[in-house]
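Right, one structure below, let's go through it.
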Amino acid sequence: MRYVSTRGQAPVLDFEGVTLTGLASDGGLYLPQEWPQFSREEIAALRGLPYSELAVRIMAPFVGESLTEAELRDLCQRAYGNFSHAATTPLVQLDEQHWLLELFHGPTLAFKDVALQLLGLFFETFLDKRERPLTIIGATSGDTGSAAIHAVAGRENAQIFMLHPEGRVSEIQRRQMTTVSAANVHNIAIAGSFDDAQAMVKRMFADEVLTATLDIGAVNSINWARLMAQVVYYFYAALQLGAPDRKVSFSVPTGNFGDVFAGYVAAHMGLPVERLIVATNKNDILARAIRDGDYSVGESHATITPSMDIQVSSNFERLLFEANGRDAAALAAQMDEFASSKTLPLESVQREAIAAMFSAERATPEETLAAMRWAHESCGEVIDPHTAVGLHAARALATDAAVPVVTLATAHPAKFPDAVKQAIGIEAALPARVGDLFALEERFETLPADYDAVRDYISAKATR
Ligand SMILES: Cc1ncc(COP(=O)(O)O)c(C=O)c1O
Ligand SMILES: N[C@@H](CCOP(=O)(O)O)C(=O)O
């Protein structure tokens, strides 16, 4: 399999290349040259496979010759062996139409583990052949950070610098990152928003001073391998609900658009998906883009769903590229204009292509809390507020009772105890496997939202 950049000016790479490269050198994002196709018969034959074997079958065409099938199988078994539920991502029924796909049974209690446990192993495998360490630089609104740190901590050929917005992640999320004592882990609190942090990270990939001496890699969903691993659970859920003989819709709490884009990929591989519902909080740039064709950056709001407090949504670029017929030159011009004006009016062809598969809904804090209450009172489920944004959207937009709607449960409720308490009056207990986060010492540096300050800090601290 070969991978091309959405902006058309970066080298074409194989799977190992895109995994280690992260962001393309022209500022674009890598995508497979074509979507692997699974026929109805091939999809039907996947029914009943254990999660890790399904992962091998779905990912093998993307991995191509970078790994043998036996190597991929070994990595999947090791990655998903770290999950606390035997089904890896169990499906829970809420009522006759609604389901939750629990993606939070990994080591750091959010859906990020599904991809990052595997990405850590891909790094280990591919870096074995390299001389210089990989310097991973990432931005997090709370969950990617801890999942990436747990996937990379202590690995020999990699070091990680993780930027989070100071005071804008939950205390548990922060402690999950800052209490990791491995010498190759560096946490940086930025006095700014997640968008400030993400913009700095992307700029570092194009910084010739930094890249002259450091091999920079990505753990955010700009890295194709992240999305590839997330495609698997769309198949896993849909197969249990009758695919390929029955269509399924998915409602996805959305911020950086990686998770829901993985659903788009599954649909393009042949999985019968009815609708993909993009559920946002008050930071509703994606809802505005999908409904009104207006992708314009607004003010960044702090909400009870901090992991989704995102304005510039990295993976929307991948969708815009697909929706304009993969015209890289046109997309590059559109993204250049967006970088300076912070607004991007969608072309009519893009609006139509997106409307064919995506719907969007925004949840207010009251609606989010109400969805948490409904899940608890009517279905006996304690859910986190991000999942609740998805559930609100699922219930608001599901019209055809014959189509099951799966809401992705993206985080464990104990990561957001304040919102859980506010909604249903329950103290959500952290599972014992995360350890006593409050007894461990925290280690992080606080820096201003200033590019040079952050770049110089990383440059000084990094091992070469
Ligand atoms: C708990 C949670 N839910 C949803 C999201 C949104 O996912 P995505 O960025 O893939 O759209 C995030 C962060 O990305 C998250 O941490
Ligand atoms: N919500 C995310 C933000 C980063 O998203 P990513 O999927 O691109 O890594 C987080 O928890 O950090």
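Of note:
- Where a residue in the stretch 113-135 is assigned to a helix (DSSP H, G or I) and surrounded by fewer than 19 Cβ atoms within 10 Å (Cβ to Cβ) and its partner, wherever it lies, is modelled with pLDDT under 95 and of a type in the set (Lys, Arg), with Cβ under 6 Å and at least six apart: Glu124/Arg155
- Tally, over the stretch 426-447, of residues that are free of Cβ contacts under 8 Å to residues at least 40 places away in the same chain and surrounded by fewer than 12 Cβ atoms within 10 Å (Cβ to Cβ): 5
- Matching residues in the stretch 115-151 - criterion: being of a type in the set (A, V, I, L, M, F, W, C) and within 11 Å of ligand 1 (Cβ to nearest atom): Ala115, Ala139, Ala147
- Tally, over the stretch 47-72, of residues that are touching a Lys or Arg at 6+ places or on another chain (Cβ under 6 Å) and part of a loop (DSSP other than H, G, I, E, B): 0
- Count of the stretch 185-204 residues which are away from ligand 2 (no atom under 14 Å from the Cβ) and out of contact with any helix residue (DSSP H, G or I) (no Cβ under 7 Å at 6 or more places or on another chain): 2
- Residues being of a type in the set (Gly, Ala, Ser) and touching a Ser or Thr at 6+ places or on another chain (Cβ under 8 Å) - total across the stretch 171-197: 4
- Phe161 being open to solvent by less than 20 Å² (accessible area, probe 1.4 Å), aromatic (Phe, Trp, Tyr) and within 16 Å of ligand 2 (Cβ to nearest atom): yes
- When Thr89, Thr108 are screened for being hydroxyl-bearing (Ser, Thr, Tyr), within 16 Å of ligand 2 (Cβ to nearest atom) and farther than 21 Å from Ile216 by Cα, only Thr108 passes.
- Residue within the stretch 337-351 that is of a type in the set (A, V, I, L, M, F, W, C) and surrounded by fewer than 18 Cβ atoms within 10 Å (Cβ to Cβ) present: yes
- Filter pass, Ala55 being surrounded by fewer than 17 Cβ atoms within 10 Å (Cβ to Cβ) and modelled with pLDDT of 95 or more: no
- Gly154 being within 18 Å of the chain's Cα centre (by Cα) and either within 16 Å of ligand 1 (Cβ to nearest atom) or farther than 27 Å from Leu391 by Cβ (or both): no
The values are calculated or read from the model by the stated rules, or taken from the named source; none is laboratory data. Not measured: the values here are computed from a predicted model. Reconstructed Cβ throughout: ideal geometry from the backbone, glycine too, with neighbour counts over all protein chains shown. Just the protein is used for accessible areas: all its heavy atoms, side chains included, with ligands, DNA and RNA removed. Shrake-Rupley method; radii C 1.70, N 1.55, O 1.52, S 1.80 Å.
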